[in-house]
Each structure stands twice: as structure tokens, then as C-alpha cells.
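Every read-out reported here was derived from the displayed coordinates using simple, explicitly stated rules and does not represent laboratory data. Keep in mind that this is a model prediction, so the values were computed, not measured. No Cβ is skipped: glycine too gets one built from the backbone with ideal geometry, and neighbour counts run over all protein chains shown.
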Amino acid sequence: MAEIRLDQLAHSYAANPEQASDYALRRIDHVWEQGGAYALLGPSGCGKSTLLNIISGLLEPSQGRVLFDGESVNALSPQQRNIAQVFQFPVVYDTMTVRENLAFPLRNQGQPAAKVDERVREVAEALEIEHLLARKASHLTADEKQKVSMGRGLVRDDVAAILFDEPLTVIDPQLKWRLRRKLKQIHRRFDITMVYVTHDQLEASTFADKIAVMYEGEIVQFGTPRELFEYPAHTFVGYFIGSPGMNLCPVTPSAGGVRLAGCEVALAEDVRAALARHAEQRLVLGIRPEFIQLVAPGESPLTARVDLVQDLGTYKIVDLLLEGLDAELPIKVRIEEDHAVPEGRVGLLLPQRWTRFYADDRLVEVDHASA
Ligand code: ADP
Ligand code: MG
């Protein structure tokens, strides 16, 4: 078991990378602490598998180092690194039984038969495949095969970490949910560092205590699900986390705050001071649909037209079009069941406590002590 440190990692699949876009990983400095349950979350193609394969040693990074407990493992083979990796599609030996498949990683290490039996039973029980132990792997369904594949990753208790690369893709939705909870229980029981790769925010937040959000070859934020929700460090995190994601509106600084769709949004002095430091950059105001308050049109300088109301059972999503000087700007607002559904024109209040600003997509830090 180990702390895994990624030190100035970068990777390009191209022989002669020239620009940032030639890199699958741009620059990664990151620490996975020993014993943590982590998710690596990001859209397809952002570099998740590349990163896992570099950690496990299947891929050699173009730049930077991977350290386990402070020691570089760059020169070590995947076997020597002692990492278990579970892939998107099952890796099982078809000619072996389920029991033999699960026992294989332990037998390879020359573990005593009694210990092998005990671990195989324990893992089979956790994954609910005990009844399949005697069956040939070739006779299993895709779901069952993937469970065996996961079991092979979980049987060894001496690994530095277990890496899961979208392991539940081939599993049906109901079983998915159960397996994720199982994995979480297994994590608690065995205290092994686990990194779980997914493109699904729900999957990430049900498994992990902390989530690393990846975007275009970088980890743009590492935080708890709540931190990602309340303080997205990057516009991508705001957009990707939440359903629907954060409203992101271009603004320009003005004397008393910012101008949004031609309307003045007043801001406190500390926020204005922070924005003044980014005057040359592209400024965006971010606010989540949950936090916008709807009022009568006369009660706010910011007004909008109701475009569409989607009823999602316990809440509604209202699509609004901000009435601006230039183009109409779309905004989403989430209203709870017991609130009145707006019609026609509405006023919008943006509580400052939930309003964030981004300069060239990065969160503008506000020093509240300065005011
Ligand atoms: P993810 O797992 O997040 O979907 P990947 O790490 O698989 O992303 O891919 C990151 C980028 O690297 C993508 O642009 C992908 O096309 C590219 N890539 C992945 N594997 C290879 C490879 N073997 N050769 C060349 N390019 C690759
Ligand atoms: Mg992948």
C-alpha cells in the first residue's frame, strides 16, 4: 500500500509533440494518499486511461515521475509496481473456472492454499459470485465475467493500489449501483488506495471521498463532491458537475460591479478588487441553477423571459432568456416542487454568496479579509 505521487507528468503519443494539443497529458502534479477512495472524473478522451496506465507502468510517460511512498517507480515494470488494474472490458481466462481465475494472482505469488481459499471465498462473497465458483469462465455472461475480472483485481491484499478504469461500463444499471456500494465496502474493509475512473459524476460521488476532475489532459480540480459543487475551480467543473450544470455568462467589469447582458450587477468591494486584478482576461460569471432567485420583474434590474419549463418530478428546470441589449442569453433556474412556476417575464436575483467569477476559465479567488 502506498501514497502515489505524480510529479510534473506529461505524455504525448506523438513522436515529435509541438503544441499543447499534441499532449494527452499536459501537466499533472498530484498526490493520491495511502488508503483513499478516489475518483478520476472527466469526459471521454481527456486522458484518464493514459494516466492510469502510466501509474501502473503499462505506459512510460514522456516527462515527469511517478513516486510510490517517495520512491520513483519509473524504471519498474508493472509486476514490480504491484498494482492491480481492472479494465473496462473483462480480462479472464476462459478455460479456467471462476475459482481458478480468482486464485490465479495469489497462486502466482506462491501463497499457501488455505490463504488462497480464504481470499477467494471472501472476494466471491463480496461480489456475489460464490455460486459461480465452479463454473468455467467461458460459460459466464458479460456481467459475470466483469465481476470475476474485478475479483481478480481485489484478491491480493498486498497491492500498492487498485486502479479501476470504467469497470462498470458493461454492467447493467441496477447491478451497477449495487457493485459500486460493494466496492466502497471493500475499500473500507481492506484500506487499500483505490482510484476509480469514470465519466459519470454520480458514479464518482457515490464511490469516492475525493474526486479529481480531468479536462484536456489536466486535473483541473481535486476536491470533495461538495467542494466541486460549491466552488468549481474551473468553468469546466461548473459545467460538468451538477444537473444541469452551472450557468456561465460573459460579463464585463463596470464601476459598481459587472455588466451582464447589458444590465448592471452590483458587487461588494472585495469582489470588485479581485476582478480588477483580471481586467485583461475573459471574465465569466458562474451561478448554479439552484441558487438563482426568481422575483417580480420590477424587483431586479436583471429580467428574463420564460422559454420552457421542464417538470422533473420533485423539481422543475426553467429555461429563461435574459433580456439583454445584445443577444438573449439562456439561463437555467431550478425551482423546488413547492415553489410557484413563473410565467411570462421574471426578475432574477443572484445571491452573491453563490456567485463565482472566472478569468480565462479559472476561478477568481476573493480575499474577503481585504474589504
Ligand atoms: P480517456 O480514457 O479519458 O477517454 P485516453 O487516455 O484514452 O482518454 O486518451 C487521451 C487522448 O490520447 C485522446 O485524444 C486519445 O485519442 C489519445 N490516445 C489514447 N491512446 C492512444 C494511443 N495508443 N495512440 C495515440 N493516441 C492515443
Ligand atoms: Mg479511457
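For LYS316, a cut-off of 15 angstrom between C-alpha atoms picks up these aspartates and glutamates, skipping any fewer than 8 places away in its own chain: GLU290, ASP307, GLU336, GLU337, ASP338, GLU343.
Taking a ≥ b ≥ c as the square roots of the eigenvalues of the Cα gyration tensor, region 97-221 is prolate, since a/c reaches 1.5 or more and a/b is larger than b/c. For region 43-125, chymotrypsin sites (Phe, Trp or Tyr not before Pro) meeting the loop criterion (DSSP other than H, G, I, E, B) and having at most 14 other Cβ atoms within 10 Å: TYR93.
Taking the Cα centre of the chain as origin and assigning +1 to Lys and Arg Cβ atoms and -1 to Asp and Glu Cβ atoms, the resulting dipole is close to 1000 debye.
Report summary: the helix-based calculation at 222 nm, which adds -39500 (n - 2.57) for every DSSP H run with n ≥ 4 and divides by the residues of the chain, gives -7500 deg cm²/dmol. DSSP beta bridges confined to the chain are antiparallel in about 75 percent of cases. Over region 246-370, all Cα pairs binned in 10 Å intervals from 0 give whole-percent P(r) values of 13, 44, 30, 12, 1, listed from short to long. Derived scalar couplings between HN and Hα for region 53-63 equal 5, 6, 5, 7, x, 6, 10, 9, x, 5, 9 Hz in order, rounded to whole Hz, by the Karplus curve 6.51 cos²θ - 1.76 cosθ + 1.60 (θ = phi - 60°), x for Gly and Pro. Rounded to the nearest 0.05, the FRET efficiency derived from the C-beta distance between THR252 and SER21 at R0 = 30 Å is 0.55.
Here the Karplus curve 6.51 cos²θ - 1.76 cosθ + 1.60, taken at θ = phi - 60°, turns the phi angles of region 103-115 into couplings of 6, 3, x, 7, 4, 4, 8, x, 5, x, 3, 5, 5 Hz, with x standing for Gly and Pro. What the phi angles of region 12-28 give under the Karplus curve with 6.51, -1.76 and 1.60, with θ = phi - 60°, is a coupling list of 10, 7, 7, 5, 10, x, 10, 10, 3, 6, 7, 9, 6, 10, 8, 7, 10 Hz, glycine and proline written as x.
With K and R counted +1 and D and E -1, the other residues having a Cβ less than 15 Å from that of ARG27 yield a net charge of -1. Ranking ILE28, SER56, LEU127 by Cα position along the charge dipole of region 4-238, where only Lys, Arg, Asp and Glu carry charges on their C-beta atoms, puts LEU127 farthest toward the positive end.
Compute the Cα gyration tensor for region 187-322, then decide on rounded, prolate or oblate, letting a ≥ b ≥ c be the square roots of its eigenvalues: rounded whenever a/c is under 1.5, prolate when a/b is larger than b/c in the other cases, and oblate in all that remain. Oblate, because a/c is 1.5 or more while a/b does not exceed b/c.
What is the sum of charges around GLU118, taking Lys and Arg as +1, Asp and Glu as -1, for the other residues whose C-beta is under 15 Å from the C-beta of GLU118?
Numbers: positive: ARG99, ARG107, LYS115, ARG119, ARG121, ARG156, ARG189; negative: ASP117, GLU122, GLU125, GLU130, ASP157, ASP158.
That sum, taken over residues with Cβ under 15 Å, equals +1.
Remark on ASP307: its backbone amide H falls under 5 Å from those of ASP319, LEU320, LEU321, a criterion applied only to residues 5 or more positions apart or on other chains, H modelled at 1.01 Å from N.
Taking other C-beta atoms within 10 Å as the exposure proxy, HIS139, HIS199 rank HIS139, HIS199 from fewest upward. Put simply, the amide H of ALA2, placed in the peptide plane, has neighbours under 5 Å in GLY35, THR193, leaving out anything fewer than 5 places away on its chain.
Over every Cα atom in the chain, the radius of gyration and the widest Cα-Cα span, Dmax, amount to 24.8, 78 Å. Straight Cα distances below 24 angstrom link LYS176 to the lysines LYS48, LYS136, LYS145, LYS147, LYS184, LYS210, with same-chain residues fewer than 8 positions distant left out.
Within the set of other residues whose C-beta is less than 11 Å from the C-beta of ALA84, count the net charge using Lys and Arg as +1 and Asp and Glu as -1. If you can, show how the numbers build up before the last one.
Numbers: positive: ARG81, ARG152, ARG156; negative: ASP157, ASP158.
Charge balance near ALA84 sits at +1.
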